[in-house]
């Protein structure tokens, strides 16, 4: 793997950089991508963020969303690709045809997932970092750029979402130091903490309630599972991003070692399934996710599977139950 200093040099050498966050953008991927756009602006580089899906409504308050373009609507031909918070190439499959047809030779990735195999020419991957946003702050320091403009907001969202607002086990001294620096730079934490973690649309709140009402327990209460079906989405008027945070609540239940959501998706013209898992203690859900074509971290992982939820649900439960026995 490469170092932050290598990425700093790479960015200075490139022009017309397209930033690619992962499919199903979360706070870290989106916040880090927006922060990278600001950094590249400071370097005088022409850049844009490329994504084929809509930004989740819960992140509509973030500054800089106007810089996100679909593959066919980029404002310039790509000269280099920068993957941000992307654990493997499959995590940008919504842009697969564009990436595959691109004649861009220079690829780089900035990521913190321990399952990242290093799929680019330049791979800056630190699995000990609690969020890619922390790596972006290291890059900011390497480039000797100020923590100004929209950076306090986008980097707060990036780091806070992947650390459970600085409460998960992956919260480090460095991440707390980053928060202090963001506050010193003018972050209005009261406003942005509420927008990021507490403000919910009515459909999202309904989905949370109905999903928890349908929760199932296995292995004597060690595994808590919510199946979020197409019918449940429709009944609540909710969309896939509205499931964010549900899996964390499952793993917070007393006695539960693994929380899992099995969620309906429609991708590439077919019914598909998204699995999200959170574990407490020694249960390695990254290994479970990897066996199902996904990845992540030991205590937080997931997978996107091209099978209907009715097929995936029993398979996922079986794999987690086996992991609980090891």
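Table for the structure above
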quantity: Pairs where the first residue, in the range 82-104, is on the phi > 0 side of the Ramachandran plot and the second is in a loop (DSSP other than H, G, I, E, B), C-beta under 7 Å, 6+ apart; calculated: 85/22
quantity: Candidates 242, 252, 268, filtered to the one that is surrounded by fewer than 16 Cβ atoms within 10 Å (Cβ to Cβ), under 19 Å from residue 197 (Cα atoms) and assigned by TED's automatic domain parsing to the domain that holds residue 213; calculated: 252
quantity: Test for residue 108: is it buried (at least 20 other Cβ atoms within 10 Å of the Cβ), in contact with a helix residue (DSSP H, G or I) (Cβ under 8 Å, 6 or more places away or on another chain), closer than 24 Å to residue 173 by Cα and in contact (Cβ under 8 Å) with a residue 60 or more places away in the chain; calculated: no
quantity: Near pairs, Cβ below 6 angstrom, 6+ apart or cross-chain, from the range 164-176 (closer than 11 Å to residue 299 by Cβ) to any residue that is outside any loop (DSSP other than H, G, I, E, B) and at pLDDT 95 or above; calculated: none
quantity: Given (1) modelled with pLDDT of 95 or more; (2) out of contact with any helix residue (DSSP H, G or I) (no Cβ under 8 Å at 6 or more places or on another chain), number of the condition residue 290 does not satisfy; calculated: (1)
quantity: Single residue of the range 219-239 satisfying the filter (within 21 Å of the chain's Cα centre (by Cα) and part of a loop (DSSP other than H, G, I, E, B)) that is surrounded by the fewest Cβ atoms within 10 Å (Cβ to Cβ); calculated: 239
quantity: Filtered residues of the range 20-79 (kept if out of contact with any helix residue (DSSP H, G or I) (no Cβ under 7 Å at 6 or more places or on another chain) and either outside the structural domain of residue 188 (by TED's automatic domain parsing) or in a strand (DSSP E or B) (or both)); calculated: 68, 69
quantity: Number of positions in the range 264-289 that are over 20 Å from residue 231 (Cβ atoms) and in contact with a strand residue (DSSP E or B) (Cβ under 6 Å, 6 or more places away or on another chain); calculated: 7
quantity: Selected residue (only one of 31, 64, 72 is over 14 Å from the mean Cα position of the chain (by Cα) and crowded, with 17+ Cβ neighbours inside 10 Å); calculated: 64
quantity: Complete set of residues in the range 81-97 that are modelled with pLDDT under 95 and within 21 Å of residue 31 (Cβ to Cβ); calculated: 87, 88, 91, 92, 94, 95
quantity: Residues located in the range 301-320, provided they are in contact with a helix residue (DSSP H, G or I) (Cβ under 7 Å, 6 or more places away or on another chain) and within 12 Å of residue 258 (Cβ to Cβ); calculated: 301, 319, 320
quantity: First in the range 290-319 and more than 30 Å from residue 128 (Cα to Cα), second anywhere and modelled with pLDDT of 95 or more and outside any strand (DSSP E or B), Cβ under 7 Å, 6 or more apart; calculated: 309/229
quantity: Complete set of residues in the range 291-326 that are under 18 Å from residue 22 (Cβ atoms) and buried (at least 18 other Cβ atoms within 10 Å of the Cβ); calculated: 292, 294, 295, 296, 297, 300, 301, 302, 303, 304, 305
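The values are calculated or read from the model by the stated rules, or taken from the named source; none is laboratory data. Being a predicted model, the structure only gives us computed values, none of them experimental. So basically every Cβ, Gly included, is an ideal-geometry build from the backbone, and we count neighbours across all protein chains shown.
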